Amino acid sequence: MSRSILDEAQIHPAIRETIASSHADIVKEVKDAVAKNDILVVGMAQNPMPKKARKLLDQQQLSYQYLEYGSYLGEWRRRNALKMWTGWPTFPMVFVKGVLVGGANDLQKLIASGEIARLLKK
């Protein structure tokens, strides 16, 4: 199953650049970090789930990069660009070897099943 994304032909040419450039800096920063790190956690302050993901990785002694963008009250517009880019609706966003694996609960399942070790070997 593929996720539904509005086809470019259904976006008026006059607004395509606005869409493409909206908070492109945060998307580029995360893309670059995904490419440079085996594990990347993208989170926000005040949210307990990014802390949970980091704790799980610390318990497994897995090194990771953590990027934090704002809090519930700040930078939500910038974070929204990440949600639009990934299609993932919440934080954290956890990437393993360039693949979005979900959030903290999804990471916990990968660890419990041993799948994270297999992903890291790729």
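In the list K55, K83, which residue meets the criterion of being free of Cβ contacts under 8 Å to residues at least 24 places away in the same chain and in contact with a Pro (Cβ under 7 Å, 6 or more places away or on another chain)? Just a single option satisfies the conditions, and that option is K83.
Residues of the range 1-20 that are surrounded by 10 or more Cβ atoms within 10 Å (Cβ to Cβ) and either closer than 16 Å to T86 by Cα or touching a helix residue (DSSP H, G or I) at 6+ places or on another chain (Cβ under 6 Å) (or both): I19, A20.
Here, each number is a calculation from the coordinates, and none is a lab measurement. Keep in mind that this is a model prediction, so the values were computed, not measured. Quick reminder, even Gly has a Cβ in these numbers, built from the backbone with ideal geometry, and neighbours come from all protein chains shown.
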